[in-house]
Amino acid sequence: MNRFNPVLPVDEYLVETNVLFYLNDALTQLLEHKEEYTQFGVIRYFAEYFSSVKNSNHVLFREYNYIKATPHNRASFIKVFWRCFRQIGRSGDVLSMQEYSSVLQLLCPDFPVELVQSAARIVLMDDAVDYLMSFADFLYAFQLQFYYHEFLASVLTIYQDLLFGKSPNTVIVPTSIAVEQLPLLATEENTSQELQEGVEASTLAECINGLCDRFKQSYPSRTCMLDVLEQSPKVTYYGFLMGLAKHDAINTEIGALPNRSDVLVDPEMDQELLKLISQISASPGSNSSGSVPGGLRESQKKASPRRSLHHRRRMEVESDGSTEETDSSES
């Protein structure tokens with residue numbers, strides 16, 4: 001977009017890009033840690049902050065209300081989760097829902113268990129959530145559940161109404177509390193037989209289309225949803241979500257993850273790891289500043305201002321993650 005000839009009016013551009021949200025957060029962080037940040041200069045602080053937003057690193061160790069606040073934040077968190085823990089998939093490990101919840105809480109300490117549980121139900125088709133899941137299966141289900149969380153909760157409301165013969169004409173978008181609880185209601189109130197039977201796909205498609213006309217937040221493209229619903233005359237809620245989670249167009253639409261066939265591959269990070277390995281190999285093994293290779297010393301100088309920002313812990317975790325990835329690269 002040409003900033004001197006914008007396609008959108010200024011007000012619409014600010015709303016669509018959430019610039020004011022990020023500016024407000026940057027100012028809040030600056031005021032809360034004024035003494036620490038201003039030693040490198042306010043201009044440099046803002047440059048570092050918005051650079052981290054652009055590079056999707058700004059969500060690390062932030063509170064849940066922050067990472068869910070904008071579509072970009074949600075996509076960034078999905079991307080960070082994939083890049084930090086793809087080693088789980090590389091090693092062939094399978095984890096339980098509770099273990100994935102613990103892993104996510106390493107990145108976001110107050111990440112809700114209920115949302116992880118909802119993602120697990122997509123993978124397991126609403127079976128017991130204590131079964132083990134592969135990283136790839138959970139990752140794409142989590143992407144769908146987290147990015148379109150509010151919309152999927154509204155779809156569940158419609159599905160439950162159809163399942164019990166109620167009129168779904170009036171759809172109330174759930175509150176944040178209801179959103180956390182709705183997936184649990186589906187298993188607690190419905191019998192297994194009713195869940196297996198599902199509802200008429202054409203009726204659900206019609207209701208979802210009406211929901212999209214009223215919904216103000218992000219939702220999957222109507223074409224993708226219709227494509228999934230046309231696969232069979234009847235559909236269950238979690239069957240519908242599984243179809244969306246596997247849909248390549250949904251993955252492209254969100255833009256956070258590679259194609260499923262490339263989910264364990266990250267050339268950019270692998271190149272960085274190879275550079276780090278070569279630097280370590282060139283080092284004589286001493287920890288003194290005089291023995292640090294020039295390239296590594298320069299890298300340390302460039303990285304030091306970032307440690308002063310609110311991303312300080314990110315640098316430490318990325319270093320730990322790099323060591324972990326280095327081991328897999330060498331093996």
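Key figures
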item	result
Additional length obtainable on full extension of the chain from GLU63 to GLU253, 0.36 nm per residue less Cα span	65.9 nm
Distance from the stretch 191-254 to the stretch 66-120 (C-alpha centre basis), Å	23
Length-normalised contact order of the stretch 40-175 in % [C-alpha pairs under 8 Å, at least 6 apart]	20
In nm, spacing of pseudo-spin labels at LYS166 and ARG90 (7 Å Cα→C-beta vector)	4.8
Distance violations [Cα-Cα > 29 Å] among LYS68/LYS234; LYS246/LYS275; LYS54/LYS275	LYS68/LYS234; LYS246/LYS275
Additional length obtainable on full extension of the chain from GLU99 to GLN39, 0.36 nm per residue less Cα span	17.6 nm
Summed residue charge, Cβ within 12 Å of LYS79's Cβ, Lys/Arg positive, Asp/Glu negative	+1
Projected label distance in nm at SER134 and ASP213, using a 7 Å step from Cα toward the beta-carbon	4.1
Extension reserve of the LYS275-ASP11 stretch, reckoned as 0.36 nm per residue once the Cα distance is removed	90.7 nm
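Rule-based calculations on the coordinates, nothing more; no lab input. Small disclaimer: the values here were computed from a predicted structure and weren't measured. With ideal geometry, Cβ positions are generated from the backbone for all residues, glycine too; neighbour counts draw on all protein chains shown.
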